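Remarks on the structure that follows.
Every number here is computed from the coordinates shown, using simple stated rules; none is lab data. This structure is a prediction, so every number in the text was calculated from the model and none was measured. FYI the Cβ positions are ideal-geometry reconstructions off the backbone, even for glycines, and counts take in every protein chain you see.
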Amino acid sequence: MKGRININRPTTGIQRVVLPRVGFIKVGYKEKAANGKEYPKSVDYFIPTGKYAGLFTKAYGEKPQTIQIVFPDDAPEKVCNEMYEYRDDDGRRIAYGDGETFFVWNGKQYCQYSTKDYPNLMAGVAEKHPNRAVLNGGDGWIVTLTVTFIVPLVRGVGGVWQFTTKGTASTIPNIRDTFDAILEEKKFVKGIIFDMNVQFAVSQKPGDRSRYPVVTIVPNESEGNLFAVKESFKPVQLVEQK
């Protein structure tokens, strides 16, 4: 596994303002079956959750498939954070890291290791602590991508939204690779307007026609997007009731 790109950025000594998290964006929800049990159900549109979900819906309607987002920082660990985690069958966290730097439990504490020094570190953890996933032919590692961003068109509240995914075969590489490519090319992503899109993909496995949502981000500073974002910063007009 390769680590994320590293870019040396000058420090100005100015303390950055940390924006509060105002909600989460999801592409699924829990559906209750006839037997009373809840099951996850995937959808091909974005669902806002949290106290300010109503403001999101006011801006985008009930089932938006595309929203505009802006990253408030250039650092991947802050706004496009990919985390690897390995747990045993009892749920205890054996190791975690970012794909390059890992912290591994030695029975007393977490010790730091680098894949530069130990290129087979992840396989070694799985071999030493086999869990059900490993015994079933997997590698045992869980990969999670957490994306933190501003949604400019959601007016009336200032803060960041988060989207979290474990879609290692589709959504994670789509978002991560686009983010890294723009960061590597321009040396920044902060302030760039991206379209975040979601649509169903159909499994290509023989005999399996299941559908799953795939989320992508596309830099889009078209005239329409620039105008919409610019308009969103205008003061909210209050309607006086007569």
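Once you charge only the Cβ atoms, +1 for Lys and Arg and -1 for Asp and Glu, what is the size of the charge dipole of the chain about its Cα centre, to the nearest 20 debye?
The dipole of the chain has a size of about 680 debye.
How would you rank 165, 101, going from fewest to most other Cβ atoms within 10 Å of each one's own Cβ?
Arranged by neighbour count, lowest to highest, 165, 101 become 101, 165.
Kirkwood Rh and Cα-based Rg: tell me the resulting Rg over Rh for region 83-143, rounded to two decimals. Write down the numbers at each step before the final one.
Details: Rg = 10.7 Å, Rh = 11.5 Å.
When Rh is taken as the Kirkwood radius, the ratio is 0.93.
Of 166/205; 26/58; 108/166; 51/230; 41/78; 58/166, which ones are farther than 23 Å apart at the Cα?
Details: 166/205 19 Å; 26/58 17 Å; 108/166 29 Å; 51/230 25 Å; 41/78 29 Å; 58/166 28 Å.
Checking Cα-Cα distances, 108/166; 51/230; 41/78; 58/166 exceed 23 Å.
Under the rule of -39500 (n - 2.57) per DSSP H run of 4 or more residues, summed and divided by the residues of the chain, what mean residue ellipticity at 222 nm is obtained, to the nearest 500 deg cm²/dmol?
Values: 6 runs with 50 residues, N = 242.
For the chain, the value works out to -5500 deg cm²/dmol.
If we sort 102-108, 141-147, 72-78 on the protection proxy, mean other Cβ atoms within 10 Å, highest first, what's the order?
Values: 102-108: 13.4, 141-147: 18.9, 72-78: 16.9.
Listed from highest to lowest mean packing, they are 141-147, 72-78, 102-108.
Given H placed 1.01 Å from N in the peptide plane, which residues other than close sequence neighbours of residue 193 have an amide H under 5 Å from its amide H?
220
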